[in-house]
Each structure stands twice: as C-alpha cells, then as structure tokens.
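Worksheet: one structure, shown below.
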Amino acid sequence: MGEIREVAVCIGDPEKLRVIGKLDEKVDEEELPLLARVLKGGFVRSQNFVTFKRGLSIVTIYSDGHVGMTMVDSEEEALTILAEIEEKVRYVRENRDSIRAKFTPMNVNVLEIYNLLPKLNCGKCGEKTCMAFALKLTTGSRELSECKPLMTEGKYIRQRETLISLLTSMGIDVWL
Ligand code: SF4
C-alpha cells in the first residue's frame with residue numbers, strides 16, 4: 001500500500017492539494033513505457049517518468065516509486081490514485097509480453113494550451129497572438145514566463161498552475 005510523503009496547497013487553487021506519494025515498490029525503468037500505455041499517458045524518456053491526466057490532476061510517476069499529483073481534492077483521493085497505479089503496475093508485470101511500449105509524450109493539443117492562456121493577443125510575449133504563443137510553447141521555442149499577464153495577474157493563477165503541469169508532463173522544461 002502506497003503512502004503520502006508530502007502535502008501542500010496548490011498554488012492555483014487553495015482548495016486543492018499537491019501531493020507527493022510513494023508506491024509500495026519501485027517501478028523498473030523498462031516497465032515505465034508499458035505503464036504509460038496502460039495508463040493512457042506518456043513516457044518522457046529524457047526525464048524517465050510517466051505522466052497521465054486523471055480528471056483535473058496531472059500525475060507523474062518516477063521509477064523510484066515517487067508519485068507527484070496536482071489538483072487533488074484530499075489525501076484520501078491521493079491514496080486512491082496510488083492504489084490505482086499499484087494495480088496497473090501489477091497488471092503490467094503480469095502482461096508485459098502483450099503490452100506495446102509507449103515512448104511518445106502525452107498528447108496535449110495546442111488548443112488545450114491556448115485555452116489556458118489569457119487570450120488577450122496583447123503581443124507582450126513577442127507573438128502577435130496567444131495561439132502563436134501556444135504553438136511555440138509546444139515546441140519549446142518560447143517560455144511560459146514570457147507571457148507577462150499570465151505570470152503577474154492574480155486572476156490567471158489557476159491557469160498558470162495547470163499550464164506548468166501540462167508543459168512539464170510533455171517533457172518541456174518550465175523556467176519561472
Ligand atoms: S503575452 Fe500572453 S496574453 Fe499576451 S499575446 Fe502573448 S500569450 Fe497572449
């Protein structure tokens with residue numbers, strides 16, 4: 001049975017939690033791409049982690065057994081997520097020969113990112129439109145911090161939190 005190691009309030013939503021948990025055992029590195037397939041998530045090879053979306057939460061699984069969870073309602077929900085992952089790990093171990101590895105990052109589309117931007121088309125990021133900025137974010141050629149309204153205005157704080165999680169889950173480094 002997994003356990004909770006750290007709990008903090010989400011930056012973007014004080015009613016939600018960021019939780020770091022630990023699975024009851026490590027996940028072999030060669031099992032991670034298989035786990036990504038089973039969880040319908042992505043395996044980010046450069047960082048050696050699996051990430052998947054579960055409702056509003058972004059869940060990240062590391063081979064040492066640590067699990068990061070954003071936007072979680074309660075510690076009970078976090079424990080449920082850990083139990084679900086452990087069940088999937090067992091499934092992977094029992095069926096590894098029939099599961100095709102998934103190496104591609106999680107499929108987050110540009111529209112999903114665009115919808116979380118302020119949509120002001122103000123040009124402060126150096127792009128004429130928020131859509132152009134969203135496209136550049138997905139290729140890593142623009143930094144999230146270049147969108148000044150997003151980074152400085154309190155009303156966008158929740159979107160900022162979600163964007164950080166999404167981009168990180170795609171294997172894109174976010175510098176703040
Ligand atoms: S700075 Fe932000 S709000 Fe302004 S155009 Fe760029 S992405 Fe859109």
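Quick notes
- Extension gain from Ser74 to Asn109, taking 0.36 nm per residue of separation minus the Cα-Cα distance: 9.8 nm
- Using the rule -39500 (n - 2.57) for each DSSP H run of four or more residues, divided by the residues of the chain, the 222 nm mean residue ellipticity is -10500 deg cm²/dmol.
- Cα convex hull of region 110-169, projected area averaged across orientations, nm²: 3.4
- Exposure proxy ranking for Glu146, Glu87, Glu31, based on other Cβ atoms within 10 angstrom of each Cβ and starting from the fewest, stands as Glu87, Glu146, Glu31.
- Helix 75-95 axis, angle to the chain major axis (alpha carbon atoms, nearest 10°): 60
- The Cα atoms of the chain give a gyration tensor whose axes a ≥ b ≥ c have a/c of 1.5 or more with a/b no greater than b/c, which makes the shape oblate.
- Cα long-axis angle, helix 157-169 against the chain (0 to 90 degrees, to the nearest 10): 50
Any read-out appearing in this document is the output of simple, stated calculations on the displayed coordinates, not a laboratory observation. Since this is a predicted model, take the numbers as computed values, not measurements. Note that we place each Cβ from the backbone using ideal geometry, even for glycine, and neighbour counts take in every protein chain shown.
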